Structures are given as C-alpha cells and as structure tokens.
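Below: one structure, written as structure tokens.
Read-outs throughout are calculated quantities, based only on the coordinates presented, and are distinct from any laboratory measurement. Remember, predicted model here, so these are calculated numbers, not experimental data. FYI the Cβ positions are ideal-geometry reconstructions off the backbone, even for glycines, and counts take in every protein chain you see.
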Amino acid sequence: GEDVEQSLFLSVREGDSSVINCTYTDSSSTYLYWYKQEPGAGLQLLTYIFSNMDMKQDQRLTVLLNKKDKHLSLRIADTQTGDSAIYFCAESRDDMRFGAGTRLTVKP
Amino acid sequence: NAGVTQTPKFQVLKTGQSMTLQCAQDMNHNSMYWYRQDPGMGLRLIYYSASEGTTDKGEVPNGYNVSRLNKREFSLRLESAAPSQTSVYFCASTWTGGGMNTEAFFGQGTRLTVV
C-alpha cells in the first residue's frame, strides 16, 4: 500500500471551491507538500506546510493540517478551468513520497 | 538555468534490451530521485540519492540500477527491460538539509514503452 493516500478524482463547477484531501503515515515528516501536474508535464510545487502549523493560506490556496489524524487538505477557492490538473500530496523524509494524485476536473 | 534535464523524452525498447535514462540538474542540489508514474498509482519512488556517492532503494527498485555519477548527474539503468516497466519516468532534485526538502524540481519525463 501507499504511504500517502488521496482520492483519485474530483469534479467541481467553475467558481466553486475544491477540496482535495490526503492522509499520510509518517508522523516524523517535517514538511508536507502539494504539487500540481498539468498534462504532459512534470510536477510543480504549489505550496507546502511545516508540520508545526495548522493552516497556511496563499491567495486562493488554503492548506489545512491535522497532525493528530495525519490529514492534509488543499482548498482552492473560486476554482477556474485552468486549475484542472492532477494534484499530488507529498511527505518529506529522507526521500519524498507522493500520493497517487487527485485528478481535478473543472466544468464551466 | 536549465533546471532538471532528462533524456531521452521518448523510447521504445524490446523485451530484454537495456538502456540508461540520463538526468542532470544545475541547481547544486544534493538530493536526486527517480520516480515512475503509472495511471492511478501516482509517483512511485524507484531510487534516490541523498548526496554524491550514495544511493538508496525506494518503493519499487527491482529491475533498476542507478548511478550518482557526480553531484549533477543521476542515471537510471534498465538492464533487461520488461513490459511491466512501461511507464513515464521522472527525475527530480531538491536541496535536503535540516530535516527539510526544499521545492523539488522535476524533469519533463521520459515515456518508455517496452514491447
């Protein structure tokens, strides 16, 4: 099984909020990350959160961390069609482990 | 700066053939990684190298070998390709220190088909 788990698909309407959830297993992870992958491209870092934080906001992005439950979420406010992509949660240890990715589809 | 450069971008191999995927970064990162990406399985770590001269197995190392040739370069070798190794391969690099990986930079990927 994977160390980092995410649901595979999410579909929202343009203008709505999107919430992508992730659970991880390693409580010693110092940083947790969200990456975005557009078709045919590599991954790009969207945002990250330090493990002693509960929340981080960056423009339309809000990251919530529940360290007790090892649960991480990414909220995208006012979702646009350009946000359609695959979003990966990752935890940082000696290596970097990624979830399976959530494919976000934004319908006009 | 070029960032992370992977070659080739596409490759078709016959079962049993060998090949080496090349990766180079120009950001002075100490950590480098090889991942494979398969539908519905996300990125799975094959091998990583935390510093020049060291390599460690990831989640799915079987059938692969790696070489950290120097700080810049980290190659992935398939000695005897199998259809199960058909995938998209990504190289990545970060600076690791103080318990943190800084932003990982990814190459554009190598789409490998084994027939």
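Within the straight-line cut-off of under 26 Å between alpha carbons, the lysines reachable from B:LYS71 are B:LYS9, B:LYS57, sequence neighbours fewer than 8 places apart in one chain being disregarded.
The stretch between B:SER84 and B:ALA2 holds 26.4 nm of extra length on full extension. This uses 0.36 nm per residue minus the Cα-Cα distance. Converting the Cα gyration tensor eigenvalues of chain B into ellipsoid dimensions via √(5λ) gives semi-axes, longest first, of 23, 14, 13 Å.
Take every pair of alpha-carbon atoms less than 8 Å apart whose residues are at least six positions apart; their mean separation over the length of chain A yields a relative contact order of 39 percent. For chain A, the tally of Lys pairs with Cα-Cα distances below 23 Å comes to 7, considering only residues 8 or more apart or on different chains. Taking GluC sites (Glu not before Pro) across the range A:1-80, the ones in a DSSP loop with at most 14 further Cβ atoms lying within 10 angstrom of their Cβ are A:GLU14. Remark: spin-label model distance B:PHE10-A:SER28 equals 4.4 nm, labels positioned 7 Å along the Cα→Cβ axis. Where Rh is the Kirkwood radius over the Cα pairs of the range A:1-78, the temperature 4 °C and the viscosity 1.567 mPa s, what D in µm²/s does Stokes-Einstein return? Taking Rh from Cα pairs, D becomes 97 µm²/s.
Label-to-label distance for B:SER18 and B:THR113 is 2.5 nm, based on points extended 7 Å past Cα in the beta-carbon direction.
Each Lys and Arg adds +1 at its Cβ and each Asp and Glu adds -1 at its Cβ; summed about the Cα centre, the range B:1-102 shows a dipole of about 140 debye.
Comparing B:GLY42, B:GLY58, B:GLY16 in a Gaussian network model of chain B where C-alpha atoms under 10 Å apart are linked, the largest mean-square fluctuation is found at B:GLY42.
Note: relative contact order over the range A:1-42, using C-alpha pairs below 8 Å and six or more positions apart, is 39 percent. Computed over the protein assembly as shown, the Cα gyration tensor eigenvalues convert (square root of 5λ each) into semi-axes of 29, 20, 15 Å, ordered from largest to smallest.
Relative to the Cα centre, the charge distribution of the protein assembly as shown, modelled as +1 at Lys and Arg Cβ and -1 at Asp and Glu Cβ, gives a dipole magnitude of about 340 debye. Sparse packing (at most 10 other Cβ atoms within 10 Å of the Cβ) combined with a DSSP loop state is found for the following trypsin sites (Lys or Arg not before Pro) in the range A:4-108: A:LYS68.
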